[in-house]
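Some notes on the structure that comes next.
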Amino acid sequence: MILKSRQMGISTITAAYVSWMMLFHRDKNILVIATKFSTAANLVKKVKAMIKLLPPWFDQIASIEIDNRSSFVLNNGSEIKASSTSTDAGRSEALSLLVIDEAAHIDGFDDLWTALQPTMAAGGRCIALSSPNGVGNWFHKTYIASQTGENDFHPTKLHWTLHPERDQVWFDETTRNLSRRRVAQEYECNFNASGETVIHSDDLEKLSQICIEPKYQTGFDRNFWIWEEYKPENKYLLVGDVARGDGNDFSVFHIFNTKTMEQVAEYRGKPTTDLFARILFDAGKEYGEAMLIVENNNIGFSVLEKLIDAGYPNLYYSTKGTHEYVEQYAAQNASNVIPGFTTSQKTRPLIVAKLEEFIRNKLITLNSVRIYQELKTFVWKNGRPEAQRGYNDDLVMSLAIGCWVRDTVLEENTKDLNYKRAFLNSMISCNTKMNTLIPGMQGYKKVESFDKINTAKKTYEEFGWLLKG
């Protein structure tokens with residue numbers, strides 16, 4: 001396993017090793033695969049060129065017998081060929097050596113490796129070389145496992161500083177116009193910073209440093225992690241996501257302090273819908289009847305119905321189409337209101353953007369290593385944020401819903417309450433009385449309307465000289 005910077009000459013060294021193996025060993029079968037067929041064919045061409053440029057006396061050892069564009073065979077029975085990354089590559093062959101170029105950049109290589117690994121069962125070897133491409137792919141997992149001795153690969157890391165002709169001045173000039181992710185991928189051999197993760201690598205690094213062990217691990221499966229017990233002076237938000245039931249994802253929920261947005265509890269497991277509804281009910285009650293939000297997908301609706309039947313007093317309701325929050329008491333008889341939160345093509349980018357904003361601006365405190373692990377493999381794929389193949393994003397999506405509701409619902413409600421309070425405080429009372437009696441009514445006292453005017457005139461005539469100076 002060779003984790004390398006760009007232009008370190010490793011492809012050329014590999015071609016030299018392949019040339020030696022083919023020349024000095026009989027009946028060696030070598031297969032080269034890469035991100036593109038042309039890339040694999042280029043490495044085969046390097047091997048062919050090296051053998052052809054050897055002194056003529058090497059023909060006594062071995063020479064090219066069959067020469068094709070992307071493969072060739074020596075007269076000692078050794079052969080090499082380039083192949084595409086289809087799932088049947090090398091399936092029917094017994095390989096002596098498999099060379100995987102840019103292994104981290106081959107999509108879905110896990111399945112291809114499953115097909116290729118048996119072809120090396122008779123003593124074959126493998127050289128996998130690549131620059132990093134984020135975490136979670138086959139190359140990343142296999143390289144990390146090789147460092148801890150969990151597999152038979154030998155890890156080698158070739159940082160750009162190992163090149164004898166490169167220094168800091170060269171590095172600064174070369175990377176001046178490259179993005180941070182591209183620099184990490186092409187030169188720094190940094191897995192975390194090289195991927196197209198939704199959350200920036202610097203923010204992920206900070207999250208990894210603040211993850212702490214839970215104070216309690218409780219529940220029937222010990223998957224309910226608690227960092228802080230309920231405090232009566234605080235209000236809490238509980239956000240859940242129900243598993244689809246295919247066995248690959250999890251039913252999860254987070255509990256946050258709504259004021260500080262600190263994660264105080266988290267659950268991740270695979271209970272039945274009946275049991276998960278009970279877990280949500282008990283957790284919400286334990287944290288002071290926290291506002292309970294459940295994503296209302298198909299399975300989510302069944303959980304919401306059980307919570308409604310159980311009489312949970314603080315469920316989240318929203319208006320169809322607009323997703324505006326509706327108080328539970330007002331939602332009972334409204335036909336256009338549904339319980340829970342709807343994640344759709346319209347709301348998904350909104351809640352993911354809100355999650356990224358909260359993490360980037362440090363508006364949320366995450367204590368769980370489980371959510372950190374999911375965020376590391378939550379990437380952009382064809383413009384859509386989702387988990388890498390073979391990974392989950394259940395905790396991430398429920399976290400995103402919580403951030404969105406906290407910022408757009410709870411904050412707006414607080415502002416609206418403050419507006420109403422300011423409006424009421426600005427109201428004043430007046431005790432001025434108006435005389436509405438008319439002549440003939442009891443208590444009527446005739447007041448000449450011009451009496452005060454006449455009095456003012458007399459006063460002016462008497463003391464007007466003061467005003468005139």
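Quick check on GLU213: is it buried (at least 17 other Cβ atoms within 10 Å of the Cβ), out of contact with any Lys or Arg (no Cβ under 9 Å at 6 or more places or on another chain) and assigned to a loop (DSSP other than H, G, I, E, B)?
The answer is no for GLU213.
Does VAL396 satisfy being out of contact with any helix residue (DSSP H, G or I) (no Cβ under 7 Å at 6 or more places or on another chain), aliphatic (A, V, I, L, M) and at pLDDT 85 or above?
In short, no.
May I ask you to list the residues in the stretch 327-348 that are at pLDDT 85 or above, under 16 Å from LEU315 (Cα atoms) and not hydroxyl-bearing (Ser, Thr, Tyr)?
VAL337, ILE338, PRO339, GLY340, PHE341
Scan the stretch 1-12 residue by residue and report those that are assigned to a strand (DSSP E or B) and open to solvent by 10 Å² or more (accessible area, probe 1.4 Å).
Correct list: ILE2, LYS4.
Restricted to the stretch 63-115, and to residues that are of a type in the set (Gly, Ala, Ser) and over 26 Å from ALA49 (Cα atoms), which residue is modelled with the highest pLDDT?
It comes out as ALA104.
Evaluate the following for THR408: is it of a type outside the set (Gly, Ala, Ser) and either part of a helix (DSSP H, G or I) or over 16 Å from GLY321 (Cα atoms) (or both)?
yes
Conditions (1) of a type in the set (A, V, I, L, M, F, W, C); (2) open to solvent by 20 Å² or more (accessible area, probe 1.4 Å), marked per residue:
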| site | (1), (2) |
| --- | --- |
| PHE358 | yes, no |
| ASN361 | no, yes |
| ARG370 | no, yes |
| VAL379 | yes, no |
| ASN382 | no, yes |
| ARG389 | no, yes |
| TRP404 | yes, yes |
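From the residues in the stretch 182-196 that are buried (at least 17 other Cβ atoms within 10 Å of the Cβ), at pLDDT 75 or above and within 15 Å of THR377 (Cα to Cα), which one is farthest from the chain's Cα centre (by Cα)?
Within the stretch 182-196, the match that is farthest from the chain's Cα centre (by Cα) is ASN190.
If a residue must be farther than 23 Å from VAL409 by Cβ and more than 18 Å from the chain's Cα centre (by Cα), how many such residues does the stretch 244-267 contain?
4
Have a look at ALA34, ALA49 and point out the one that is open to solvent by less than 50 Å² (accessible area, probe 1.4 Å), over 25 Å from ASP110 (Cα atoms) and among the small types (Gly, Ala, Ser).
Just one listed residue meets the conditions, ALA49.
I need the full set of residues from the stretch 227-247 which are open to solvent by less than 30 Å² (accessible area, probe 1.4 Å) and at pLDDT 90 or above, in order please.
Selection gives TRP227, TYR236, LEU237, LEU238, VAL239, GLY240, ASP241, VAL242.
Considering every residue within the stretch 13-27, establish whether at least one is more than 29 Å from THR161 (Cα to Cα) and in a strand (DSSP E or B).
Within the stretch 13-27, none of the residues are more than 29 Å from THR161 (Cα to Cα) and in a strand (DSSP E or B).
Find the residue count for the stretch 55-84, including only residues that are more than 49 Å from the chain's Cα centre (by Cα), buried (at least 17 other Cβ atoms within 10 Å of the Cβ) and part of a loop (DSSP other than H, G, I, E, B).
2
The values are calculated or read from the model by the stated rules, or taken from the named source; none is laboratory data. This is a predicted model, so every value here is computed, not measured. Neighbour counts run over all protein chains shown; Cβ positions are idealised from the backbone, glycine included. Ligands, DNA and RNA are excluded from the accessible area calculation, which covers all protein heavy atoms including side chains. Shrake-Rupley method; radii C 1.70, N 1.55, O 1.52, S 1.80 Å.
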